[in-house]
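Before any comments, here is the structure.
The values are calculated or read from the model by the stated rules, or taken from the named source; none is laboratory data. Note that the structure is a prediction, hence the values are computed from the model and not measured. Counting neighbours? That spans all protein chains shown, and the Cβs are built from the backbone with ideal geometry, glycine included. Side chains are part of the model used for accessible areas, which takes the heavy atoms of the whole protein and leaves out ligands, DNA and RNA. Shrake-Rupley method; radii C 1.70, N 1.55, O 1.52, S 1.80 Å.
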Amino acid sequence: MKHILMIAAEYPPCLSAGVQRTFHFAENLYKLGWQPVILSAHPRIYARLDDQTQVSPAIQPHVYRAFAADASRHFAIQGKYLDCLEDPDKFASWYHMGWRKGLKLIRTYSPEVIWSTFPVSTAHRIALKLKQKTGSKWVADFRDPLHSHCDDNYKNITPLAKRIDRETAEQADALVFATEQMKMLYQRAYSHLDPAKFVVIENGYDENVFDKLERTEPKDDVFTLLYSGGLYPHGRDPVPLFKAIAELVKQGELQQDKFRLHFRGSGDGSAYHDLLEELGISSMVHFLPSVSYKESIQEMKNADGLLVLQGKTFNNQIPGKVYEYIATGNPILGIVGQGGATEGLLKRMDNNACVTEEENVASIRRGVINMFTKSPNTAKDFSSFSRSRAANKLQVLLGL
């Protein structure tokens, strides 16, 4: 059996959207004849744990962890810590024992290829060190590149993180991106490199879960719109939606007791409390705590509509959860940046997605009303977005 060393800071039992890409690649590669060997970080760095996502028995004995700490939590004294402790990221301490552990694993398993994944720069830094020491083939996955050369955020990234980004692009044997837009962005940034080195493997959904997923709650006369994930002032801002809902209520197009907006894993909503009170819609909006991955998937299926917030700040990216939204067959309301990757994906969903303009309250208002006319799509074949198909693409690439 061929071996692959997979380097990822986030891996079960971590509760994070970032876990799913690595986890499903590993599970599906095993089915394709590979033995994944996982090099991850000590679970102390995980802010939240998921006890329901189970690594298969064939992979669990091959999960190894190296010392790591979260600088913001474990090295802080009265909330303060040295900046150097989170350079290139807050898990920087993982590097020192990580590459040493990785070197032992290479000597033990002789993997055909190393695979490392973002958005933790230290994962690529470990792989870079191992590449330099062993000459192993290396595939670098830029799942969610935070310093993506595309906006003002990049100039706030440390010189070390920028150097890791550049050296990864130059020294890895292949570079994998989750969207065509991100691939093109990196091709422009590193135009001196062979274009064939840049490959797109999209995120997807786990067909083992979704192919047998059924609604478990009876549909009632209250329409539930669900958003799953984090919120940000720029790029994932719910305020225009709040204003649109308030206007619909005022105009009599929306009844307060017939519509609810749920935010799952988005914080406690305290930042929006005063605004929701002012708009008179606080009874319609609920902020709910995080749940396990499996519970979140079931909640998506039970919802009447699913909300995507992906503004122009993230135009080159597509949230992994969007593929899971699509697999439920439920109507989707997309509040997105024009011309972005997420807009392009949702427009491929025929009549099952209502795509609106970011910050355009009138457009969002129309999208909400249009969403009420949609019904769950149970007939369309979504298999082109499956995780197993993505793993097939990765297996071909691993042959290099």
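When the criteria are applied in full, Glu170 fails the requirement of being at pLDDT 95 or above and closer than 21 Å to Phe23 by Cβ. Of everything in region 361-400, what is under 27 Å from Pro218 (Cβ atoms) and hydrophobic (A, V, I, L, M, F, W, C)? Give them in sequence order. Val368, Ile369, Met371, Phe372, Ala379, Phe382 - these are the residues of region 361-400 that are under 27 Å from Pro218 (Cβ atoms) and hydrophobic (A, V, I, L, M, F, W, C). Taking (1) closer than 25 Å to Gln20 by Cβ; (2) surrounded by 16 or more Cβ atoms within 10 Å (Cβ to Cβ); (3) in contact (Cβ under 8 Å) with a residue 60 or more places away in the chain in turn, Ala244 satisfies each apart from (1). Condition check: in a helix (DSSP H, G or I), open to solvent by 10 Å² or more (accessible area, probe 1.4 Å) and touching a residue at least 12 places away in the same chain (Cβ under 8 Å). Does Glu170 satisfy that? It is true that Glu170 is in a helix (DSSP H, G or I), open to solvent by 10 Å² or more (accessible area, probe 1.4 Å) and touching a residue at least 12 places away in the same chain (Cβ under 8 Å). Being at pLDDT 95 or above and under 25 Å from Asp141 (Cβ atoms) is a description that does not apply to Ala327.
Can you pull out the residues in region 215-231 that are farther than 21 Å from Ser375 by Cα and either hydrophobic (A, V, I, L, M, F, W, C) or touching a residue at least 40 places away in the same chain (Cβ under 8 Å) (or both)?
Here is the first cut: in region 215-231, the residues farther than 21 Å from Ser375 by Cα are 229-231.
Result: Gly229, Leu231.
When only residues in region 178-213 that are without any contact (Cβ under 8 Å) to a residue 12 or more places away in the chain and in a loop (DSSP other than H, G, I, E, B) count, which is surrounded by the most Cβ atoms within 10 Å (Cβ to Cβ)? Only one residue fits best here, namely Asp211. With respect to the conditions (1) in a loop (DSSP other than H, G, I, E, B); (2) over 21 Å from the mean Cα position of the chain (by Cα), Tyr64 falls short on a single one, namely (1).
Hey, among Ala92, Ala26, Ala47, Ala127, which residue is under 17 Å from Ala8 (Cβ atoms), of a type outside the set (Val, Ile, Thr), surrounded by fewer than 17 Cβ atoms within 10 Å (Cβ to Cβ) and within 22 Å of the chain's Cα centre (by Cα)?
Ala47
Selection within region 93-148: residues that are at pLDDT 95 or above, outside any helix (DSSP H, G or I) and aromatic (Phe, Trp, Tyr). The member of this set that is farthest from His62 (Cα to Cα) is Trp138. Within region 238-258, can one find any residue that is of a type in the set (Phe, Trp, Tyr) and not in a helix (DSSP H, G or I)? No - not one qualifying residue is present in region 238-258.
Of the residues making up region 1-46, those that are in a strand (DSSP E or B), of a type in the set (A, V, I, L, M, F, W, C) and over 17 Å from Thr117 (Cα atoms) number 1. Considered as a group, the residues in region 283-296 that are surrounded by 17 or more Cβ atoms within 10 Å (Cβ to Cβ) and assigned to a helix (DSSP H, G or I) include one that is nearest to the chain's Cα centre (by Cα), and that residue is Tyr293.
Counting the residues of region 261-278 that are surrounded by 13 or more Cβ atoms within 10 Å (Cβ to Cβ) and touching a strand residue (DSSP E or B) at 6+ places or on another chain (Cβ under 9 Å) gives 10.
Gly235 - would you say it is of a type in the set (Gly, Ala, Ser), farther than 27 Å from Gly135 by Cα and touching a residue at least 40 places away in the same chain (Cβ under 8 Å)? Even if it seems obvious, please write down each step before you answer.
Numbers: of a type in the set (Gly, Ala, Ser): yes; farther than 27 Å from Gly135 by Cα: yes; touching a residue at least 40 places away in the same chain (Cβ under 8 Å): yes.
So Gly235 fits the description; yes.
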